[in-house]
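Novice: To start, I am sharing the structure in question, which I have written as structure tokens.
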Amino acid sequence: MFSPLSREQDTIAAISTGSGGGIGMVRLSGPQSLSIAARIFRPQNRARGPEALSGYTGAYGQFYAATGEEPLDDGVLFAYRAPKSYTGEEMAELCCHGGALVMERLLALCLREGARLAEPGEFTKRALLNGKLDLTQAEGIADIISARSSQALGAAQEARRGALYRAVTGVIRRLTDAAAHISAWIDYPEEDVEEVLLTQLEETLTACQKELGRLASSYHTGRLIREGIATAIVGSANVGKSTLMNLLSGEEKSIVTPIPGTTRDVIRDTVRVGETLLELSDTAGLRQTDNQVEMLGVARSLELLDRSALILAVFDASRELDAGDLALLNKLTGRLAIGILNKCDLGEKRADRAAVARHTCALVELSAKTGTGVQELEQAIQKTVGTGNLDPAAGMVANQRQLDCVLKAARSLDEALSALGWGETLDAVSVVIEEALQALMELTGQRASQEIIDQVFESFCVGK
């Protein structure tokens with residue numbers, strides 16, 4: 001792990017809240033935080049100046065640019081003492097009214113008194129370098145800020161609480177013990193070191209490989225809940241695709257008329273269906289047409305069908321499947337597709353349920369007009385894409401960097417198991433175990449380079 005920052009580290013400052021809210025905050029971290037705050041903040045109770053406050057306490061007062069001037073604003077100052085702070089350093093949080101001008105002027109006062117402007121994510125980077133959290137927890141904080149669904153938020157919070165770190169360090173512990181045992185057995189043959197049993201070593205490596213496989217497979221589900229699932233609503237003309245789009249988005253995104261071919265371009269929206277985030281696209285009805293504009297719309301629909309991760313294939317439950325419906329079903333084989341028998345409110349159900357079910361992962365009957373069946377659609381989506389059984393507490397891989405580390409470690413363990421099978425020396429096995437450990441410790445930040453650390457924090461906002 002990186003060594004803590006030196007006591008001579010600069011004191012940094014940044015606005016940590018968006019403007020326009022009731023409350024704004026300027027944050028300071030570093031050895032001069034409270035002394036800088038003392039030069040611009042005057043507490044209502046003079047005995048409660050910033051430098052006199054104990055950690056996790058606050059005081060009400062006014063912020064001043066200079067003696068004799070009118071106060072810039074009134075507010076509350078909170079003090080945090082090292083090492084029991086977010087960054088592990090002395091910290092101050094200056095809370096004022098949330099106007100952009102007020103916060104900018106308050107930040108300017110902090111910079112005038114000796115602080116420097118913080119870099120993106122520098123507060124969290126200092127927390128990492130001072131041992132307050134690991135790299136996966138830092139990435140979890142970024143994911144909390146960017147979460148767009150409750151599932152994504154839950155996964156990010158579990159990462160912040162150390163779920164992935166615990167899963168990875170569990171593997172690291174087992175591999176470290178195995179490597180240490182091999183080393184002791186080889187290097188100190190005269191000592192009373194227990195013999196390395198190849199069957200036990202193989203069991204350990206296999207168990208670690210299984211856990212890495214679980215973590216790698218969690219990346220796909222995690223990516224879906226964070227970024228949303230590219231989803232296309234497809235079907236023949238006038239089966240109710242646009243009505244379904246409007247139902248799921250909660251507003252009139254698509255024009256709905258009884259006239260077939262009304263939708264001629266792709267209508268897009270990001271919607272939450274239950275706990276699942278969908279990047280939803282309503283497409284033109286699939287049918288033969290001589291209209292040049294509608295032909296372009298149909299071509300785009302077919303292209304989107306090929307590109308989408310999830311397909312909501314809509315059929316009119318009140319009529320029999322026609323040639324266009326059957327052609328669409330043939331395109332769905334082997335795809336993540338949900339068959340939707342729409343217009344169930346019309347009473348008569350003539351569509352071939354069995355044919356739709358054979359070509360799709362799930363079948364749902366609903367009325368996009370009345371909303372009947374939408375809960376069943378939510379459940380079908382969760383089951384089809386695999387988000388219904390999500391367990392973030394078990395640890396999930398959240399980004400490409402983490403996945404690359406897991407896959408690199410898994411490849412090394414593959415080599416170690418192959419080496420055992422070929423009868424290679426324990427020295428050779430130990431080398432590839434060490435390679436796996438290097439990859440996993442890069443994931444947690446224990447052996448990550450400064451370049452990797454910097455790349456992680458490039459995506460952070462200033463003030464976090």
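Novice: Name the shape class, rounded, prolate or oblate, that the alpha-carbon gyration tensor gives for segment 339-385, where a ≥ b ≥ c are the square roots of its eigenvalues, rounded holds for a/c under 1.5, and otherwise prolate holds if a/b is larger than b/c and oblate otherwise.
Specialist: On the way: a/c = 3.51, a/b = 1.15, b/c = 3.06.
Oblate shape, in that a/c is at least 1.5 and b/c is the bigger or equal ratio.
Novice: Using modelled backbone amide H atoms (1.01 Å from N, in-plane), which distant-in-sequence or interchain residues come within less than 5 Å of ARG116's amide H?
Specialist: Long-range HN contacts for ARG116: THR11, ILE12, ALA13.
Novice: On a 0 to 90° scale, report how tilted helix 100-112 is relative to the longest principal axis of the chain, with both axes built from alpha carbons and the result rounded to the nearest 10.
Specialist: Once rounded, one gets 30 degrees.
Novice: Using the alpha-carbon atoms, what tilt in degrees (0 to 90, nearest 10) does helix 400-422 show relative to the longest principal axis of the chain?
Specialist: It works out to around 90 degrees.
Novice: From the list (1) 29.4, 89; (2) 21.6, 69; (3) 21.7, 78, can you say which value of Rg and Dmax of the Cα atoms in Å was derived from the structure given?
Specialist: (1)
Novice: Give me a comma-separated list of calculated 3J(HN,Hα) values for segment 147-161, in order, Karplus coefficients 6.51, -1.76, 1.60 applied at θ = phi - 60°, integers in Hz, x for any Gly or Pro.
Specialist: Working through the residues one at a time gives 4, 10, 8, 5, 5, 5, 5, x, 5, 5, 5, 5, 5, 4, 7 Hz.
Novice: Next up: With angles folded into 0 to 90 degrees, how steeply does helix 163-187 sit against the dominant principal axis of the chain? Use alpha carbons for both and round to 10.
Specialist: With both axes taken from Cα atoms, the answer is about 70 degrees.
Novice: If we sort 445-452, 89-96 on the protection proxy, mean other Cβ atoms within 10 Å, highest first, what's the order? Before the final figure, lay out each step's value.
Specialist: Details: 445-452: 14.5, 89-96: 24.8.
In descending order of packing, they fall as 89-96, 445-452.
Novice: Which of the three applies to segment 86-234, rounded, prolate or oblate, going by the alpha-carbon gyration tensor with a ≥ b ≥ c and a/c under 1.5 meaning rounded? Before the final figure, lay out the partial values.
Specialist: Working: a/c = 4.80, a/b = 1.66, b/c = 2.89.
Verdict is oblate for segment 86-234.
Novice: Kindly write out, for segment 45-55 in residue order, the coupling ³J(HN,Hα) from the Karplus curve 6.51 cos²θ - 1.76 cosθ + 1.60 (θ = phi - 60°), rounded to whole Hz, with x marking Gly and Pro.
Specialist: Values per residue, Gly and Pro as x: 9, 4, 6, 10, x, x, 6, 8, 6, 7, x Hz.
Novice: Give me the accessible area of SER249, 1.4 Å probe, in Å² rounded to the nearest 10.
Specialist: 20 Å²
Novice: State to the nearest 20 debye the size of the charge dipole of the chain about its Cα centre, where the only charges are +1 on K and R beta carbons and -1 on D and E beta carbons. Don't skip to the end; give the middle numbers.
Specialist: Working: 47 positive and 62 negative charges, 350 e Å.
Using Cβ point charges on Lys, Arg, Asp and Glu, the chain gives about 1680 debye.
Novice: At a probe radius of 1.4 Å, what is the per-residue accessible area of LYS408, in Å² to the nearest 10?
Specialist: Probe radius 1.4 Å; accessible area of LYS408 about 90 Å².
Novice: Would you mind working out the accessible area per residue for the chain, using a 1.4 Å probe, and quoting it in Å²?
Specialist: Working: 22110 Å² over 464 residues.
Roughly 48 Å² per residue, with all protein chains present.
Novice: ASP10 accessible area, nearest 10 Å², 1.4 Å probe?
Specialist: 80 Å²
Novice: Under 1.5 on a/c is rounded, so check that first for segment 305-355, then, if it is not, pick prolate when a/b is larger than b/c and oblate when it is not; a ≥ b ≥ c are the square roots of the alpha carbon gyration tensor eigenvalues.
Specialist: On the way: a/c = 2.63, a/b = 1.80, b/c = 1.46.
It is prolate, given that a/c is not under 1.5 and a/b is the larger ratio.
Novice: Still on this model: So how do ASP143, ASP134, ASP345 rank on accessible area, 1.4 Å probe, biggest first, that is with the largest at the start?
Specialist: On the way: ASP143 35, ASP134 10, ASP345 75 Å².
Correct descending sequence by accessible area is ASP345, ASP143, ASP134.
Novice: While we're here: Treating only the Cβ of Lys, Arg, Asp and Glu as charged (+1, +1, -1, -1), what charge dipole size does segment 1-137 show about its Cα centre? Round to the nearest 20 debye. Could the numbers behind the result be given before it?
Specialist: Numbers: 14 positive and 15 negative charges, 62 e Å.
Charge dipole, segment 1-137, about its Cα centre: 300 debye, nearest 20.
Novice: Let me ask something else about it. Give me the percent of accessible area attributable to carbon and sulfur for the chain, probe 1.4 angstrom.
Specialist: Numbers: 11130 of 22110 Å².
That share works out to 50 percent.
Novice: Apply the Karplus parameterisation 6.51 cos²θ - 1.76 cosθ + 1.60, with θ equal to phi minus 60°, to every residue of segment 83-98 and state each ³J(HN,Hα) to the nearest whole Hz, in sequence, with x for glycine and proline.
Specialist: Each residue's phi maps through the Karplus curve to give x, 8, 9, 4, 8, x, 10, 4, 9, 9, 10, 9, 9, 10, 6, x Hz.
Novice: By accessible area of protein heavy atoms, probe 1.4 Å, what ranking do LEU280, LEU198 get, highest first?
Specialist: On the way: LEU280 0, LEU198 95 Å².
Result, largest first: LEU198, LEU280.
Novice: Go through LYS349, LYS210 and list them by solvent-accessible area, largest first, probe radius 1.4 Å. Don't jump to the answer; show the numbers that get you there.
Specialist: Values: LYS349 115, LYS210 160 Å².
Descending order: LYS210, LYS349.
The values are calculated or read from the model by the stated rules, or taken from the named source; none is laboratory data. These numbers were taken from a predicted model, which means no experiment stands behind them. Reconstructed Cβ throughout: ideal geometry from the backbone, glycine too, with neighbour counts over all protein chains shown. Accessible surface is based on the protein model in full, side chains and every heavy atom, while ligands, DNA and RNA are left aside. Shrake-Rupley method; radii C 1.70, N 1.55, O 1.52, S 1.80 Å.
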